[in-house]
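Here is the structure we will look at.
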Amino acid sequence: MKASRMKRAAAGGEGRPSAALDYPIALRLHGQPVLVVGGGRVASGRISPLVEVGARVRVVAERARGELRALGESNAIDLHERRWRPEDCAGMSLVFAATDSPRVNAEVVREARSRGLLANACDLPELCDFYVPAIGRRGPVTIAVSTAGAVPGLARTLRDRAMSAIGPEWGRLARILRALRRALPRDTRAATLARIIDSPAASHLASGNRKAAFAAVRAATATGESR
């Protein structure tokens with residue numbers, strides 16, 4: 001790439017208007033029906049996280065990978081090895097088009113949109129209503145990095161860097177705070193949780209000293225109660 005083109009790209013897309021920004025949300029898909037059309041490597045990458053969060057995943061593919069057949073046999077997914085049909089979109093919450101054919105993916109997206117459904121077409125960002133970010137988890141803590149579908153490899157690199165700075169102790173602390181949050185008075189809740197987060201509790205959890213961690217949590221809570 002010539003220097004002038006690199007400068008234009010760095011300035012915002014080689015002279016074109018900047019891409020619209022994403023509006024990130026975390027969906028609760030447990031028990032929700034989700035359609036994935038496709039049975040290859042890319043489809044498998046979409047299906048595994050959906051199964052992990054408890055979605056009711058229907059997979060339609062002319063040929064499915066071995067691991068997808070195993071998931072179907074164990075009833076983890078509802079697998080149909082055949083060509084996709086427009087009626088497959090009926091009753092779905094989300095639709096993923098993940099076949100090797102851009103034409104088929106476009107058909108799936110068109111049908112989903114005609115039914116008022118949000119759709120994602122793998123490797124076709126211009127057809128996506130939403131993008132799947134690079135995800136990392138520490139218990140209930142989820143790190144998600146998106147480049148609006150432009151550079152998935154960059155999203156994964158930044159996700160990995162973020163995860164290296166967020167150890168499993170933060171997931172453990174999140175579980176403690178989730179349980180504690182319900183018992184805290186509403187008017188002091190935010191301040192108390194902020195003190196616990198800023199306390200040495202996470203560091204004690206990282207070193208395996210749960211007794212010291214809970215002592216730090218109690219001290220931060222007591223400080224709020226004494227005010």
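Just so it is clear, none of the values below were taken in a lab; they were calculated from the coordinates. Fair warning: this is a prediction, and the values are worked out from it, not measured in the lab. All Cβ positions, glycine included, derive from the backbone under ideal geometry; neighbour counts span all protein chains shown.
Panel values: the stretch 24-132, Kirkwood radius from alpha carbon pairs, Stokes-Einstein at 37 °C and 0.692 mPa s, translational diffusion coefficient 243 µm²/s.
The residue among 145, 204, 60 whose Cα reaches farthest toward the positive pole of the charge dipole of the chain, with charges on the beta-carbon of Lys, Arg, Asp and Glu, is 204.
For the stretch 168-225, the Cβ-based charge dipole about the Cα centre amounts to some 260 debye (Lys, Arg positive; Asp, Glu negative; other atoms uncharged).
Placing a pseudo-label 7 Å from each Cα along the Cα-to-Cβ vector at residue 207 and residue 157 gives an inter-label distance of 3.6 nm. I'd like the distance separating the alpha-carbon centroids of the stretch 124-162 and the stretch 174-227, in whole Å. If we compute the Cα centre of each part, the gap is 30 Å.
Secondary-structure-derived ellipticity at 222 nm for the chain, considering helices only, amounts to -14000 deg cm²/dmol, per-run term -39500 (n - 2.57) for DSSP H runs with n ≥ 4. Counting 0.36 nm for each residue step from residue 90 to residue 30 and taking away their Cα separation leaves a gain of 19.8 nm. Calculated on C-alpha atoms, the gyration radius of the chain divided by its Kirkwood radius gives an Rg/Rh of 1.08. Taking 40, 208, 167 as the candidate residues, the one with maximal mean-square fluctuation in a Gaussian network model of the chain, Cα springs under 10 Å, is 208. What percentage of all Cα-Cα pairs in the stretch 119-196 are separated by more than 20 Å? It works out to 51 percent of all Cα pairs. Taking a Cβ cut-off of under 14 Å around residue 165, the surrounding Lys, Arg, Asp and Glu residues balance to a net charge of +1, with basic ones at +1 and acidic ones at -1.
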